[in-house]
Amino acid sequence: MHVALPADVDIWVLGGLRRGNAGLHMRWMDHTELAWAAGFWDGEGSAYLTGARDRATRQPQARINQSSTTGVPQVLIRFQRAVGLGRVQGPEVDEGKEPLYRWVVSSRDEVRTVLLLMRPWLGQVKRTQLEQTLGIRSQAALRVRRMSGSELLAWCAGLFDGEGSMYLAKHQSHSGYFLLEAAITQSSWDGIPEVLERFRDAFGIGTIYGPYPGGEGHAPVYRWKAHRRQQIEAIIAALGNELGQVKRDQAATAISVVAGQLPLPRGNPAWGNRKTHCVRGHEYATARIRSFKSRGKNIRPRRASQQCLACVRADARAKRIARKAKNGGVRRRS
């Protein structure tokens, strides 16, 4: 099937993705929004077969769940607009839980269209899941182009909207102080998830940790994390308005708390290159008796805190006294 897409973007030709009898109208789509939708799907989407197992055929279905206490989540509305189909349902209320909303498509044609629209940006795991749900072999795509820079940022924003979080971690040694951290969690049976590596490599920031036990019957858990405030702020600034409002507000709140803290003193002032006295109490500033004179070319004096000259003189004097006592008070010349 040939799908007409914006003129500045390649056209994809995918085998095995034929229209059903209903035939959904394919429109010109915003590829940046589709890249965001693919990232969001990589974080939150799922595809599966429904219906009785003893039936000859079962129906493909695709779904994204989101909880919210403030009404329909904007990310579901945005996803619906990006792919141009699907229904947003909810709320589903269970005691002790936040109201649950979902975006859902429940026909083979709709699930096929979702795959077709997002496939160029999807991670391997969720792409394969959709293909297997539809009974399509993974080699169905004949040609898939590389992502542009704007599409990659949009995909990263979608993944962070789906699975990312920014929070305050308690400082280990300074009570009442907090550190800024950002994280994205994914589970995988096959090692480090590709989507975490893609997100990390997009910015060159953060570390992927894991695997951690995922619980009985669940895949091991991996987590991308960033700890430095300047790096996290750089990521949020790069994602810009591609990131959803909820996650932007979450980031702004966490950053403002950390920015409002007084600077912490670094290190022990009695040690390191800031120290002014040696362990015996000699002041470095007054330990030198005469000015430094180099015994060779381009030799500079040591930093005062690297060597206490008062201690050097005292140690040399002690060695001379000990040597003289050993020799019976007679000074020997070599």
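General remarks:
- Every test in (1) surrounded by fewer than 15 Cβ atoms within 10 Å (Cβ to Cβ); (2) within 16 Å of Leu159 (Cα to Cα) is passed by Ile232 save one, and that test is (1).
- Test result for Leu196, without any contact (Cβ under 8 Å) to a residue 40 or more places away in the chain, more than 18 Å from Leu117 (Cβ to Cβ), among the hydrophobic types (A, V, I, L, M, F, W, C) and part of a helix (DSSP H, G or I): yes
- Residue within region 149-160 that is in contact with an Asp or Glu (Cβ under 9 Å, 6 or more places away or on another chain) and modelled with pLDDT under 95 present: yes
- So Cys278, is it hydrophobic (A, V, I, L, M, F, W, C), modelled with pLDDT of 80 or more, at negative phi and touching a His at 6+ places or on another chain (Cβ under 7 Å): no
- Inspection of region 158-172 identifies at least one residue that is closer than 27 Å to Ala259 by Cβ and part of a loop (DSSP other than H, G, I, E, B).
- Among the candidates Gln74, Gln89, Gln132, Gln61, the residue that is within 26 Å of Ser148 (Cβ to Cβ) and surrounded by fewer than 22 Cβ atoms within 10 Å (Cβ to Cβ) is uniquely Gln74.
- In the set (1) part of a helix (DSSP H, G or I); (2) modelled with pLDDT under 80; (3) surrounded by fewer than 10 Cβ atoms within 10 Å (Cβ to Cβ), the condition left unmet by Ala325 is number (2).
- For Ala251, the test of being of a type outside the set (Asp, Glu), closer than 30 Å to Ala157 by Cα, modelled with pLDDT of 90 or more and in a helix (DSSP H, G or I) is passed.
- Tabulated pairs, region 31-50, first over 19 Å from Leu153 (Cα atoms), second among the small types (Gly, Ala, Ser), C-beta under 6 angstrom, 6+ apart or interchain: Ala47/Ala62
The values are calculated or read from the model by the stated rules, or taken from the named source; none is laboratory data. Keep in mind that this is a model prediction, so the values were computed, not measured. Every residue, glycine as well, gets a Cβ built from its backbone with ideal geometry; the counts of neighbours run over all protein chains shown.
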